[in-house]
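Novice: Structure below; questions to follow.
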2 protein chains.
Amino acid sequence: MPKHTPDNPGAQPGGTLIIIGGHEAKEGRREILREVARRVRGGRLVIATVASHEPEGYFEGYQGGFEGLGVGDLVELYVEDRTEALGEDKLGLLDGATGVFFTGGDQLRITSQIGDTPLEARIRQVYEAGGVIAGTSAGASAMCETMLVKGHSKESYRIGDLAMAPGLGLIRGVIIDQHFAERGRMGRLLGAVAQNPRVLGIGIDEDTAIVVEGGHFRVIGSGAVYVADGAGITHSNIAEARRDEPLSLYDVRLHVLSAGDAFDLGKRKPVPAEALREGVPGD
Amino acid sequence: MPKHTPDNPGAQPGGTLIIIGGHEAKEGRREILREVARRVRGGRLVIATVASHEPEGYFEGYQGGFEGLGVGDLVELYVEDRTEALGEDKLGLLDGATGVFFTGGDQLRITSQIGDTPLEARIRQVYEAGGVIAGTSAGASAMCETMLVKGHSKESYRIGDLAMAPGLGLIRGVIIDQHFAERGRMGRLLGAVAQNPRVLGIGIDEDTAIVVEGGHFRVIGSGAVYVADGAGITHSNIAEARRDEPLSLYDVRLHVLSAGDAFDLGKRKPVPAEALREGVPGD
């Protein structure tokens, strides 16, 4: 299986990632669920409620949300503990699946319960076969190679804040944050980018998603997506300051994107969404 | 009186502006109040509670806050309505004043009650004579030539959001927002900058301030200051999109500054705070 290199950021070649900032509409136009359903192409969609400590109600919510959108069938994947993910029992749920949808909760539950298990390998196969992997809220964060697991909202970043952990690695070279404007998370996204400007910081609002294919993404939904590019940073106190000191960071490039905008992850540049539809040369 | 030109941003030559993001500490180290007191140099400090519809308690809070910091005397300036600001009665409060401190409330109350009155002219004289004008929260916003008066917090900017109004104009070429990280106001600051990238967007956290002298400012206090520079913006949908559409804005330059950082308003660049103390050539 080809490995990604830092020079080749973006999603692994294969299917589509739909990375959602949480609280996607489950009634009305349901633009994001509609996009997921379209990519499922009438096959099975697995609703993975693994992130939740108490999954009751999640699956039922999505049953309603996907009703009438043409998904072949909808099944729930939950694992009580890691033993279940290591065994064979749950694998059958993925038979015929052309999509997996990670719901919200705790991103560490996703990675600690299914990371490096046959179940995770099977999900990855769905993706590599051209399927769609969607994730909302915790399910969005977990897509990254290194994921944000904690960090204060509604305050500026302090040097000792923030915890990160290895994520599923379906998209590399980026850090995803969700509920972005709603929870005032610019501070913590900039803190993440400061740690290593190699990673692009991507903050996604509620009811908003990025659709990642090849080395590009498109924005859909009702809110905005913020891209913080640290490549040009000229000063950072992240390695010097005391833990309780606020961040100092000069010359971040920031893009605010909304529906109709697209972004080239390799070139780190917004591109017209129309160009993508005509097929932009890329990886 | 010399007028500012767009080529000469920053504070009007004269004294010092101390622009505070709200909720400055009134106990303990009181770094911001201490800085204000230092600039008052033992003279009178006028606590202008004009922004408040119900000023009870504001003045008393600052009496406690400034205790023991060496301010000569502290008086309260409040105007019930504009008639009082047009008359001569209140002018005496400013005799011997070397500082004026605008407290929080509603920035429109400041400008609508004292804008273009003898009282405002007298306050401006204090500043031009080398005094300090401080403002916190609404008092911070009111310093600008064009001030933010309204706009949603904790959501991304939509084209029809945001209301602006003419402010006191003590500092030009910038838009100030306050309670910045705490209220998740990056969206609305970017919306303001999108309207005319000529203005620098400056978002100030609580218990944090910028000390503006000449064409520079220094950061003091416990939080961060965000500077959004739109000069390099390559795309904006602000004039095209429908009112309820989210903003799209490419290539904003963003700086996160904290205590010890300084910024050159003319060059739009962070500068080492040490350089300022030795006297940076400027306007």
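The values are calculated or read from the model by the stated rules, or taken from the named source; none is laboratory data. Predicted model only: the values in this text are computed from it and were never measured. Glycine also receives a Cβ, built like all others from the backbone with ideal geometry; neighbour counts cover every protein chain displayed. For the accessible areas, the whole protein counts, side chains as well, though only heavy atoms, and no ligand, DNA or RNA atoms are used. Shrake-Rupley method; radii C 1.70, N 1.55, O 1.52, S 1.80 Å.
Novice: Can you give the % of DSSP beta bridges in the protein assembly as shown that are antiparallel, to the nearest 5?
Specialist: Just about 60 percent of them are antiparallel.
Novice: Not counting ligands, DNA or RNA, and with a 1.4 Å probe, what is B:Thr136's accessible surface area in Å² rounded to the nearest 10?
Specialist: 10 Å²
Novice: GluC sites (Glu not before Pro) within region A:82-172: which are DSSP loop residues with at most 10 other Cβ atoms inside 10 Å?
Specialist: A:Glu88
Novice: Here is a follow-up. Could you tell me the accessible area of B:His216 in Å² (1.4 Å probe, neighbours in place), rounded to the nearest ten?
Specialist: 20 Å²
Novice: Please compute, for peptide A:255-267, the average count of beta-carbon atoms on other protein chains lying within 10 Å of each residue's beta-carbon.
Specialist: The mean count of partner-chain Cβ atoms within 10 Å per residue comes to 4.
Novice: I need the GluC sites (Glu not before Pro) found in region B:204-283, filtered to DSSP loop residues with at most 16 other beta carbons within 10 Å of theirs.
Specialist: B:Glu240, B:Glu278
Novice: What ranking of A:Asp244, A:Asp106 comes out by heavy-atom accessible area, probe 1.4 Å, highest first?
Specialist: Reading off the accessible areas and sorting them downward yields A:Asp244, A:Asp106.
Novice: Follow-up. Taking amide H atoms as placed 1.01 Å from N in the peptide plane, list the residues 5 or more away in sequence, or in a different chain, whose amide H sits under 5 Å from that of A:Met164.
Specialist: A:Val149
Novice: Follow-up. Whole-Hz ³J(HN,Hα) for each residue in region B:97-109, computed from phi via Karplus 6.51 cos²θ - 1.76 cosθ + 1.60 with θ = phi - 60°, x for glycine and proline: what do you get?
Specialist: Once rounded to whole Hz, the list reads 6, 10, x, 10, 10, 8, 7, x, x, 10, 4, 5, 5.
Novice: For the protein assembly as shown, what does the accessible surface come to per residue with a 1.4 Å probe? Please give it in Å².
Specialist: So the protein assembly as shown comes to 38 Å² accessible per residue, rounded to a whole number.
Novice: Same structure again: Averaged over its residues, how many other protein chain Cβ atoms are within 10 Å of peptide A:242-248's Cβ atoms?
Specialist: 5
Novice: Taking all protein chains in place and a 1.4 Å probe, what share, in percent, of the accessible surface of chain B do carbon and sulfur account for?
Specialist: The nonpolar share, carbon plus sulfur, comes to 48 percent.
Novice: Any idea of B:Asp264's accessible area? Nearest 10 Å², probe 1.4 Å.
Specialist: 10 Å²
Novice: Show me you know the interface measure: the accessible area buried between A and B, both chains summed, probe 1.4 Å, in Å² to the nearest 100.
Specialist: 2600 Å²
Novice: Relative to the longest principal Cα axis of chain B, at what angle does helix B:186-195 sit, 0 to 90 degrees, rounded to 10?
Specialist: That helix lies at roughly 80 degrees to the long axis.
Novice: I'd like the FRET efficiency for A:Ala275 and A:Glu60, computed as 1/(1 + (r/R0)^6) with the beta carbon distance as r and R0 of 35 Å, rounded to 0.05.
Specialist: 0.30
Novice: Distances longer than 23 Å among the Cα atoms of region A:16-270: what percent of all pairs is that?
Specialist: 48 percent
Novice: Please compute the Kirkwood hydrodynamic radius over the protein assembly as shown, one decimal place, Å, based on all pairs of different Cα atoms.
Specialist: 25.1 Å
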